[in-house]
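Scroll down for the structure; my scribbles are underneath it.
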Amino acid sequence: MSTRKANKERTRHKLVQATLKILHKQGPTALTTGRIAQAAGVAQPTFYVHFKDMDEALEEAAVSVGESIRTRLREFRDGLEDGASPQVATRQAFTTGVEALIADRRSAELFLRHRRDVANPLGRRWRELMDGAREDLIADLHARGVGKQVDDLVVLADTIIGLVLTTVESILDGRVTNRAAAMEMMMRSVEASMQPTTSASALGASAA
């Protein structure tokens with residue numbers, strides 16, 4: 001790579017990081033090309049060398065955050081044990097999800113804050129990220145035999161993801177101070193959802 005191209009990519013990266021920093025600390029209304037350029041340490045016209053408008057800069061910032069979280073999730077998924085029981089595999093899936101998001105606090109906070117704003121690139125990327133995470137989780141659970149114990153892996157995956165997000169949000173907000181206790185409580189909820197339900201006919205037979 002030429003020195004000029006490397007410098008250009010470095011400047012673009014600085015602008016993206018400056019966008020994320022302002023968005024994280026002050027919110028989307030504080031974003032201006034001048035503030036982003038100043039935070040990146042470049043002249044304001046430089047912004048337009050790299051991005052045609054603010055939406056394009058936000059889109060790339062959202063992609064950057066999404067890739068960061070996906071990388072974290074992949075790293076933690078690689079640590080899942082082969083041959084684990086369905087219960088252990090499910091616990092590990094929950095734990096890895098929480099730890100992966102906590103490990104990248106800024107990215108997690110940005111996505112959680114904007115996840116319902118579909119007009120915002122972060123909201124759109126969040127949906128894509130969650131769809132991918134759900135597919136990965138279903139594949140992991142299936143590979144570890146969890147599908148033999150539960151009727152619907154999709155429902156279980158959605159349950160795990162929902163509890164992961166609730167736990168992470170509580171930790172990041174400071175509402176949870178005992179992380180281990182909170183995670184244990186949530187994991188018990190996941191395990192409870194895996195228990196087979198007793199059919200009405202079985203109940204009738206036992207009552208007779």
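Details
- Summed over the stretch 121-162, residues that are touching a residue at least 24 places away in the same chain (Cβ under 8 Å), in a helix (DSSP H, G or I) and basic (Lys, Arg) total 4.
- Residue in the stretch 132-173 that is nearest to the chain's Cα centre (by Cα), counting only those that are surrounded by 20 or more Cβ atoms within 10 Å (Cβ to Cβ) and not β-branched (Val, Ile, Thr): 133
- Scanning the stretch 14-34 for residues that are surrounded by fewer than 17 Cβ atoms within 10 Å (Cβ to Cβ) and either hydroxyl-bearing (Ser, Thr, Tyr) or closer than 24 Å to residue 112 by Cβ (or both) yields 17, 21, 24, 25, 26, 27, 28, 29, 30, 32.
- Residue match in the stretch 39-48 (condition: in contact (Cβ under 8 Å) with a residue 40 or more places away in the chain and closer than 29 Å to residue 117 by Cα): no
- Single residue of the stretch 93-104 satisfying the filter (at pLDDT 85 or above and more than 10 Å from the chain's Cα centre (by Cα)) that is nearest to residue 189 (Cα to Cα): 94
- Taking the numbered list (1) modelled with pLDDT of 85 or more; (2) in a helix (DSSP H, G or I) in turn, residue 176 passes all entries but (2).
The values are calculated or read from the model by the stated rules, or taken from the named source; none is laboratory data. Keep in mind that what you see is a predicted model, and the values were worked out from it rather than measured. Note that we place each Cβ from the backbone using ideal geometry, even for glycine, and neighbour counts take in every protein chain shown.
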